[in-house]
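Have a look at the structure below before the remarks.
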Amino acid sequence: MNQNNDTNIKCPNSEHANNVKIVCFNESCKADRLQCIECIQNGIHITHLQHQQDLLFLFEHISDIEKQCEDLIIDLNKQMDMAYEQFYLLIGGIRSKYQKSKQQFLNLDSKQMNYFFAESIKFKSFEQTNFILIQQSIKDFQDSIVKLLSDLKLSELNYNQISNQDIDKSEELYKKGYKLYWDDDNYKEAIKIFDQSLIFNPKNCNSLYCKADSLRMLGQYNEAIVWADKALKVDSKDCDSLYCKAASLKMLGQYNEAIIWADEALKVDPKHCSSLFTKSDSLRLLKMFKQSMEVIEQSLKINPNHFDSLWAKGKCLQDQNQYQEALIYYKKALMINPNHEWTRDRKDECLKAINQK
């Protein structure tokens with residue numbers, strides 16, 4: 001507390017020349033809460049003297065409220081993350097049950113075909129009933145948020161703009177987190193730093209994207225999509241965030257959706273190899289091998305040493321029983337990253353298949 005002994009705050013009453021000495025903590029008080037000696041002499045807060053405190057308590061209060069506010073924000077974010085996770089599970093479930101390409105349908109056995117066809121006939125009924133239910137739930141939620149925003153009375157505040165100092169601090173923390181994320185592969189610690197960065201500037205797109213991609217690298221794909229979406233609200237053309245969302249959707253088995261978002265990234269940067277790889281691998285997983293090969297060739301034409309594209313081409317060839325050709329690309333990939341266990345295993349599978357012929 002002693003660190004604030006020399007703090008000088010001018011009295012809110014412009015007619016008073018003295019600095020603030022006492023603060024009022026009475027919740028119902030309508031008068032200025034910051035008081036100088038002259039205010040005290042005028043007896044403005046005489047009815048609730050028990051709620052008057054020394055100026056030093058103001059800074060303790062500000063620190064406590066800052067922590068409580070951040071705890072509330074963290075809890076609210078957790079609730080939204082859970083809601084987003086359930087939402088994407090719902091989307092994935094609907095897609096898994098009702099959306100299949102002709103090739104996917106033909107890959108089913110006859111019982112599965114019959115079940116899928118029978119359920120697809122009921123789709124319209126499912127859509128009509130559940131869309132209305134979800135639409136009303138979302139509207140109720142939006143109405144609640146509108147009311148809460150109104151209760152906050154943000155339009156009456158004149159201190160709610162992000163200062164240049166906060167922006168600079170946010171950027172400083174982002175750079176610290178980026179080193180942990182990019183140089184050290186320490187994603188959990190990086191996320192903690194990105195969260196600190198976002199306290200100072202919630203619209204720091206770099207911190208939002210890097211948090212999203214750190215979550216993706218930790219295998220938390222639904223959460224990664226939530227934060228990629230937050231980054232895209234700040235900058236809808238951020239290529240890295242678009243790619244992160246596409247890659248996460250692919251890992252969740254939502255291949256058609258992944259292709260859509262990879263294409264969005266490629267509209268921004270047609271030479272973005274990671275997005276080309278994600279699109280190609282999603283096409284492969286849909287057993288659309290010809291299209292997959294065409295896309296991965298684009299990536300390797302841009303960067304012949306793009307690691308993910310090399311093993312992805314190998315896997316596409318392997319899935320088509322072209323084991324000799326697949327080996328070529330697995331070997332190229334392993335020259336870049338000799339310790340990539342997944343690629344080594346696929347290479348061994350190809351060698352075993354060749355030897356069995």
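Just so you know, all these numbers are worked out from the coordinates, no wet-lab data involved. In this text the structure is predicted, and so the values were computed from the model without any measurement. Cβ placement follows ideal geometry from the backbone for every residue including glycine, while neighbour counts extend to all protein chains displayed.
With no solvent and one equal point scatterer placed on each C-alpha of region 175-250, evaluate the Debye formula and give log10 I(q)/I(0) for q = 0.16 Å⁻¹, two decimals.
Log10 of I(q)/I(0), two decimals: -0.46.
Would you mind working out the magnitude of the charge dipole of region 83-217 relative to its Cα centre, with +1 at each Lys and Arg C-beta and -1 at each Asp and Glu C-beta, to the nearest 20 Debye?
Working: 19 positive and 18 negative charges, 141 e Å.
Charge dipole, region 83-217, about its Cα centre: 680 debye, nearest 20.
Once the Cβ-Cβ distance between Lys10 and Ile134 is put in as r, and R0 is 41 Å, what FRET efficiency do you end up with, to the nearest 0.05?
Details: r = 53 Å, r/R0 = 1.30.
Working from the Cβ atoms, E equals 0.15.
Just how large is the dipole of region 100-155 about the Cα centre, in debye to the nearest 20, putting +1 at every Lys and Arg Cβ and -1 at every Asp and Glu Cβ? Could the numbers behind the result be given before it?
Values: 8 positive and 6 negative charges, 34 e Å.
Roughly 160 debye, rounded to the nearest 20.
When Leu152, Leu218 are ordered from fewest to most other Cβ atoms inside 10 Å of their Cβ, what list results? The partial results should precede the final answer.
Values: Leu152 11, Leu218 14.
So the ranking, lowest neighbour count to highest, is Leu152, Leu218.
Where does the chain land on Rg/Rh, using Cα atoms and the Kirkwood Rh? The partial results should precede the final answer.
Numbers: Rg = 28.8 Å, Rh = 25.2 Å.
That ratio equals 1.14.
So, R0 is 25 Å and r is the distance between the beta-carbons of Gln103 and Lys331; what FRET efficiency does that work out to, to 0.05? Mind showing how you got there, number by number?
Numbers: r = 30 Å, r/R0 = 1.20.
Here the calculated transfer efficiency is 0.25.
Which distance in Å, rounded to a whole number, links the C-alpha centroids of region 89-108 and region 286-357?
About 27 Å separates the Cα centre of region 89-108 from the one of region 286-357.
Straight distance only, please: which lysines reach the Cα of Lys290 with their own Cα at less than 18 Å, same-chain residues fewer than 8 apart left out?
Lys102, Lys279, Lys301, Lys313, Lys315
Return the calculated 222 nm mean residue ellipticity for the chain, to the nearest 500 deg cm²/dmol, obtained by summing -39500 (n - 2.57) across DSSP H runs with n ≥ 4 and dividing by the residue count. Before the final figure, lay out each step's value.
Numbers: 16 runs with 249 residues, N = 357.
Mean residue ellipticity, 222 nm, calculated: -23000 deg cm²/dmol.
Between Ile260 and Ile46, what is the label-to-label distance in nm when each label sits 7 Å out along the Cα-to-Cβ direction?
6.9 nm
Among Ser275, Ser28, Ser236, which comes first, second and so on when ranked by fewest other beta-carbon atoms within 10 Å?
Details: Ser275 29, Ser28 7, Ser236 11.
Sorted ascending by nearby Cβ count, the order is Ser28, Ser236, Ser275.
Cα convex hull of region 273-357: mean projected area in nm², to one decimal? Intermediate results must be reported in sequence, preceding the final value.
Details: hull surface 19.7 nm².
Value for region 273-357: 4.9 nm².
Can you pull the three principal axis extents for the Cα set of region 1-142, in Å, largest first?
Here the spans come out as 90, 31, 26 Å, largest first.
What dipole magnitude, in Debye to the nearest 20, does the chain give about its Cα centre under +1 on Lys/Arg Cβ and -1 on Asp/Glu Cβ? All intermediate terms of the calculation are to be shown ahead of the outcome.
Working: 46 positive and 50 negative charges, 444 e Å.
Dipole about the Cα centre, nearest 20: 2140 debye.
Using only the alpha carbons of region 100-155, determine the length spanned along each of the three principal axes and report them from longest to shortest in whole angstroms.
Taking the Cα atoms of region 100-155, the three principal extents are 61, 21, 13 Å.
Under 5 Å between amide H atoms, partner at least 5 residues away or on a different chain: which partners does Asn204 have, H built in plane at 1.01 Å?
none
Taking a 21 Å limit on the Cα-Cα distance, which of the listed pairs Lys179/Lys211; Lys211/Lys233; Lys124/Lys287; Lys245/Lys331; Lys211/Lys271 fall beyond it?
Working: Lys179/Lys211 13 Å; Lys211/Lys233 15 Å; Lys124/Lys287 28 Å; Lys245/Lys331 29 Å; Lys211/Lys271 24 Å.
Table pairs above 21 Å Cα-Cα are Lys124/Lys287; Lys245/Lys331; Lys211/Lys271.
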